[in-house]
1. Taking a cut-off of 17 Å between Cα atoms, list the aspartates and glutamates near Lys191, but don't count ones fewer than 8 places away on the same chain.
2. Taking a temperature of 4 °C and a viscosity of 1.567 mPa s, what whole-number D in µm²/s does Stokes-Einstein yield for the stretch 193-267 with Rh from Kirkwood over alpha carbon pairs?
3. At a threshold of 8 angstrom on Cα-Cα distance, excluding pairs fewer than six apart, so keeping six or more, what relative contact order does the stretch 185-267 reach in percent?
4. Using a basic spin-label model with each label point 7 Å from the Cα along Cα→Cβ, how many nm lie between Glu198 and Lys127?
5. Starting from the 7 Å offset along Cα-to-Cβ, what nm value, one decimal, do you get for the label separation of Asp262 and Thr63?
6. What list of ³J(HN,Hα) couplings, whole Hz, do you get for the stretch 69-84 from phi and the Karplus terms 6.51, -1.76, 1.60, once you set θ to phi - 60° and write x for glycine and proline?
7. How far apart, in nm, are the 7 Å Cα→Cβ label points at Arg289 and Asn273?
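Throughout, read-outs are computed from the coordinates displayed, never taken from laboratory work. Keep in mind it's a predicted model, so treat the numbers as computed, not measured. For neighbour counting, all protein chains shown are included, and Cβ atoms are generated from backbone atoms with ideal geometry for every residue, glycine included.
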Amino acid sequence: MRIILLKKRDLKIFAAALVLLIGLGTLGKLYKSSAAPVSAQAGVPVPILMYHSIYEDTQSKNTFVLSPKALEQDLKYLQDNGFETVLIQDLIAYTENNVPLPEKPVVLTFDDGYLNNKTNVLPLLEKYNMCAVISVVGEFTDTFSKTEDLNPRYSHITWDDIAELEETGRIEIGSHTYNLHHDGARQGAKKKSGESAETYKSMLRRDLLALQQTLSEKSGVLPVTFAYPYGHVSEESLDVIKEVGFKASMSCYEKMNYVTHDASCLYLLGRYNRPSGVSTQDFMVKVLREAQQ
């Protein structure tokens, strides 16, 4: 849980500089000049588990909603089998600076930034001494920062909640776009049919920068990890993600990750969705088999 926190004033300066660099086309050039060569080593196996809403759902039976009891069973299984949670920031530290990872690392991720991630997930992380990545949607956070609605089923964390969560040292905040979490014609952050690459990249850049700047100003946080909404990926997005300053991105491809000292291994990381209606034993055995070989 090696999280580096910057003061809000420093983050505002950094975010402003980030916008300027991208406007000048400088950051992309800097990134290309420092790209690491492709590594031949096999890498460290790192499974990433994907969760969403965590609460007792007795009505809808949504497959993306898991009960706190089921989550606790997952955490206990991981602990009993020798797995240690790490953040995406820890994978970056390993890749860039050779900071050691535990023998059996695993990453827990929670998409969309539900309020129940704070009320139901954080206490369990504290109980089992674990950490996790919560990827937030700016539009949702902005809406619930203006209301007192605390419904555990659909409410999302506020800008203040985000600052509090990151300050615990157990939570890394990731970006899940500002206003692209819609599965319509756009399909999340995906390029639309017939849309030019230039138009697409401009749209995506504006959206991602909007969330980066708002998070730095209102929460004192600047994410280095991006999660694709709905897992929809366009190859043209990679250049933009790097330009904006993300050092890692997460897909919904269900695959094991092998982390090396090649920076490119941290883009389009695979994740295993944790559905409801499946026992901890069945899910974990299937997902972690490769990591334990």
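1. Straight-distance partners of Lys191: Asp183, Asp207, Glu235, Glu236, Asp239.
2. Translational D for this selection: 95 µm²/s.
3. On the way: 80 pairs, mean separation 25.6, N = 83.
31 percent.
4. Here the modelled spin labels are 5.6 nm apart.
5. Rounded to a tenth, the inter-label distance reads 3.3 nm.
6. 5, 5, 4, 4, 4, 5, 5, 5, 4, 4, 5, 5, 9, x, 7, 10
7. The answer from the label model is 2.1 nm.
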